[in-house]
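Where a number appears in this text, it was derived from the coordinates with a stated rule and is not lab data. Here the structure is a predicted model, which means the values were calculated and not measured. Note that each Cβ is placed from the backbone with ideal geometry, even for glycine, and that neighbours are counted across all protein chains shown.
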Amino acid sequence: MLKRILIFAVLFLAGFLAAQWTASDQEQSPPQIIVQALDDGSPAKRDRNGYPMPFNSEPTIDKRIIVKDDSQPLKEYPHNYVPGTEPLDEDEIRITALGTGNPAIAKDQAAASFMVEVGNGEVFLFDAGGGSFGNWAAMKMPLWKASKIFLTHLHMDHIGDVDLHVDAGQGFGRLRPLEIWGPTGPTPELGVAAYVENLRKIFCWHDAVKRSIADRRGFDIKSHEFDPGLTGEVLVYDNKDVKIFAYPVPHGIFGPVGYRLEYRGLTFSYAGDCEASMNTVKASMEVDVLIHEAMNTPELLMDYMGLPEIMAKTILWTKHTPPEAAGKVFAMAKPRLAVTFHHFNREDTVEPMVNAVRTAWDGPLLISQDLTVINITPQQIVTRMALVEQRPLLTVDMDYMRRMHVGSQIDEPIYQLPRELDESVIRIDFIEDFKKTAKFMMGVKKVVDTVSIAMDKVKETFSPDHEEEE
Ligand SMILES: [Zn+2]
Ligand SMILES: [Zn+2]
């Protein structure tokens with residue numbers, strides 16, 4: 001009997017964990033797109049187009065391919081993306097959902113954050129909502145690469161983990177400023193430059209302690225504030241074949257933007273938080289991937305969170321996008337793959353979400369969940385789930401740290417522990433021995449680093465091909 005119950009439970013779970021895709025085989029124009037869902041026979045729930053339904057945070061076992069051009073052999077991808085195992089082609093982009101939720105984050109759903117890796121080796125973060133840093137760490141990306149963050153706006157659920165990126169960079173060798181792009185606001189104190197300035201103030205105590213133990217190059221934060229205007233788009237980043245444009249979106253007050261990234265003919269648009277807007281449509285026409293918010297029903301907020309109806313509807317319908325309206329944006333912009341985020345993903349929310357988007361959009365649709373991975377090449381778009389370690393260590397690039405002489409630029413402590421507190425520390429012999437020699441060792445290290453930095457400089461002078469470290 002017990003065995004039978006177990007088998008039933010396993011089958012039941014498998015059904016739920018099986019898949020997360022919905023899609024349509026309807027043709028898009030132009031160019032012609034063929035959508036295939038690969039099915040291994042698992043008991044996945046299907047939507048009315050026959051594609052597997054999304055589910056929760058467990059890695060799914062379905063993979064979807066959208067063929068853009070089958071005149072050449074298509075690149076093969078493993079069923080799941082295992083971080084650190086798939087180098088990108090030069091003509092390729094990989095988007096990873098590090099956070100697909102909203103302020104009410106769950107253990108398996110962080111607040112908004114998407115990581116975009118491009119074939120030239122660059123990495124960009126779009127928003128860094130609370131909880132997303134853990135997913136970022138799981139992607140096995142060297143810490144120094146998390147140095148370019150594009151914020152859509154300054155709501156807490158899009159900036160909550162910026163501080164953890166700042167902190168990790170200090171300890172594990174970013175050794176360059178963290179750069180933050182973002183819009184201005186109705187007044188200077190509502191813009192991204194003021195936000196960064198305020199971050200520095202918030203970090204005052206943290207820095208006062210940490211500056212004497214971590215390399216000073218990781219502490220700097222640079223802001224790139226831009227005026228997004230009220231219509232159209234502005235170019236905010238242009239380097240090594242990557243162009244990033246910002247477009248203004250309606251979300252409460254002036255300031256919030258969406259971003260479109262272009263790289264060698266591949267395109268991705270991320271609208272951030274917004275009401276459905278023609279600005280988004282115009283900036284996202286026929287992009288490869290359009291990520292747009294779609295909120296759950298007012299009933300869900302009323303039932304789950306106890307909000308009065310008027311409040312639930314005001315939040316969802318006057319500051320955000322219901323899925324029916326997201327479907328309209330998709331239908332007008334015609335992305336090759338439409339992706340929703342910023343909604344709860346629960347057993348009972350996915351089907352209504354899909355059905356509501358489907359009232360207007362019949363093309364390829366992905367209800368994103370944390371650790372969804374999307375590869376874009378000139379030939380195809382492939383979406384899968386990442387298979388990650390549950391307790392990953394932060395990924396440190398030892399070569400980079402050695403090359404950059406990490407620890408060679410540490411400030412002298414400004415503040416000391418008060419004598420009484422210092423004396424209260426319980427003495428342990430080996431720690432006492434270490435404390436005595438540490439100061440001397442750091443002094444020696446500084447001399448050695450100074451000499452090797454000078455030698456590196458000489459080498460650079462005689463090496464015309466040398467490219468400066470990013
Ligand atoms: Zn949000
Ligand atoms: Zn918001």
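So, with +1 on the Cβ of K and R and -1 on the Cβ of D and E, and no other charges, what is the size of the charge dipole of the range 65-385 about its Cα centre, to the nearest 20 debye? Working shown, then result.
Numbers: 29 positive and 42 negative charges, 136 e Å.
Once rounded to the nearest 20, the dipole reads 660 debye.
State, as an integer percentage, the relative contact order of the range 65-385 based on alpha-carbon contacts under 8 Å between residues 6 or more apart. Spell out each step's value before the answer.
Working: 739 pairs, mean separation 59.2, N = 321.
Dividing the mean separation by the residue count of the range 65-385 yields 18 percent.
Given charges of +1 on the Cβ of Lys and Arg and -1 on the Cβ of Asp and Glu, with all other atoms neutral, how large is the dipole of the range 313-387 about its Cα centre, in debye to the nearest 20? Intermediate values should be presented prior to the final figure.
Working: 8 positive and 6 negative charges, 58 e Å.
Approximately 280 debye in magnitude.
Please compute the volume of the convex hull spanned by the alpha-carbon atoms of the range 416-470 and report it per residue in Å³.
Details: hull volume 7.6 nm³, N = 55.
Spread over its residues, the Cα hull of the range 416-470 gives 137 Å³ apiece.
Which aspartates and glutamates have a Cα lying under 12 Å from the Cα of Lys145, excluding residues fewer than 8 positions away in the same chain?
Hits, sequence-local ones excluded: Glu117, Glu122, Glu179, Asp397, Glu469, Glu470.
When a/c reaches 1.5 or more, the comparison of a/b and b/c decides; with that in mind, is the chain rounded, prolate or oblate per its Cα gyration tensor? Walk me through the numbers before you get to the answer.
Details: a/c = 1.65, a/b = 1.60, b/c = 1.03.
Prolate shape, in that a/c is at least 1.5 and a/b is the bigger ratio.
Tell me, Asp161, Asp241, Asp399 in order of fewest to most beta-carbon neighbours within 10 Å? Display every interim value, and only then the final one.
Values: Asp161 27, Asp241 15, Asp399 9.
The most exposed by this proxy come first: Asp399, Asp241, Asp161.
What distance in nm lies between label points placed 7 Å from Cα along the C-beta direction at Asn120 and Ala104?
Computed distance between label sites Asn120 and Ala104 equals 4.2 nm.
What is the helix-to-structure angle for 429-461, meaning the angle in degrees between its Cα long axis and the longest Cα principal axis of the chain, kept from 0 to 90 and rounded to the nearest 10?
Helix 429-461 sits roughly 80 degrees off the main axis of the chain.
Roughly what would the spin-label model give for Glu460 and Thr359, points 7 Å off Cα along C-beta, in nm?
The modelled label-to-label distance comes out at 5.9 nm.
Any idea what angle helix 323-333 forms with the longest principal axis of the chain, computed on alpha-carbon atoms, 0 to 90 degrees, nearest 10?
It works out to around 90 degrees.
Just to be sure I follow the definition: excluding the sites themselves, where is the longest run in the chain that has none of the chymotrypsin sites (Phe, Trp or Tyr not before Pro) in a DSSP loop with at most 15 other Cβ atoms within 10 Å? Write down the numbers at each step before the final one.
Details: sites that count: Tyr415, Phe462.
The longest uninterrupted stretch comes out as 1-414.
For the residues Thr187, Thr314, what sequence is obtained by ranking on other C-beta atoms within 10 Å, fewest first? The partial results should precede the final answer.
Working: Thr187 10, Thr314 14.
So the ranking, lowest neighbour count to highest, is Thr187, Thr314.
For n ≥ 4 DSSP H runs only, could you compute -39500 (n - 2.57) per run for the chain, divide by its residues and tell me the 222 nm figure to the nearest 500? Provide the component values of the computation, followed by the final result.
On the way: 14 runs with 143 residues, N = 470.
Using -39500 (n - 2.57) per qualifying helix, the result is -9000 deg cm²/dmol.
If you split all Cα-Cα distances of the range 159-296 into 10 Å bins from zero, what percentages do you get per bin, shortest first?
12, 35, 31, 18, 4, 0
According to a simple spin-label model (label point 7 Å from Cα along Cα-to-Cβ), what is the distance in nm between Asp348 and Val448?
Distance between label points: 6.2 nm.
Which shape class applies to the range 282-396: rounded if a/c is under 1.5, otherwise prolate when a/b exceeds b/c and oblate if not, where a ≥ b ≥ c are the square roots of the Cα gyration tensor eigenvalues? Present the calculation step by step, with values, prior to reporting the outcome.
On the way: a/c = 2.24, a/b = 1.23, b/c = 1.82.
It is oblate, given that a/c is not under 1.5 and a/b is not larger than b/c.
Apply 1/(1 + (r/R0)^6) to the Cβ-Cβ distance of Tyr415 and Leu190, taking R0 = 30 Å, and write down the FRET efficiency to the nearest 0.05. Mind showing how you got there, number by number?
Details: r = 33 Å, r/R0 = 1.10.
My answer for the efficiency is 0.35.
Please state the charge dipole magnitude for the range 140-285, taken about the Cα centre, from unit charges on C-beta atoms (+1 on K and R, -1 on D and E), reported in debye and rounded to the nearest 20.
On the way: 17 positive and 18 negative charges, 139 e Å.
My answer is approximately 660 debye.
Relative to the first principal axis of the alpha-carbon coordinates of the chain, what is the inclination of helix 192-202, with its axis defined by its Cα atoms, in degrees from 0 to 90 and to the nearest 10?
Around 50 degrees separate the two axes.
Identify, among Met156, Gly185, Trp136, the residue whose Cα sits farthest towards the positive end of the charge dipole of the range 101-221, taking +1 on the Cβ of Lys and Arg and -1 on the Cβ of Asp and Glu, with the dipole about the Cα centre.
Farthest towards the positive pole: Trp136.
Please enumerate, by chain and number, the aspartates and glutamates with C-alpha under 18 Å from the C-alpha of Lys439, excluding those fewer than 8 residues away in the same chain.
Lys439 reaches Asp215, Asp411, Glu412, Asp422, Asp429, Asp449.
Would you mind getting me the FRET efficiency between Arg216 and Met441? Use the beta-carbon distance for r and R0 = 22 Å, nearest 0.05. Before the final figure, lay out the partial values.
On the way: r = 19 Å, r/R0 = 0.86.
Efficiency at R0 = 22 Å is approximately 0.70.
Using +1 at the Cβ of each Lys and Arg and -1 at the Cβ of each Asp and Glu in the range 416-470, identify which of Val451, Gln416, Thr461 lies farthest towards the dipole's positive end.
It is Gln416.
Over the range 355-438, with a single point scatterer placed on each C-alpha, what log10 of the ratio I(q)/I(0) does the Debye formula yield at q = 0.20 1/Å?
Here the Debye-derived log intensity ratios amount to -1.15.
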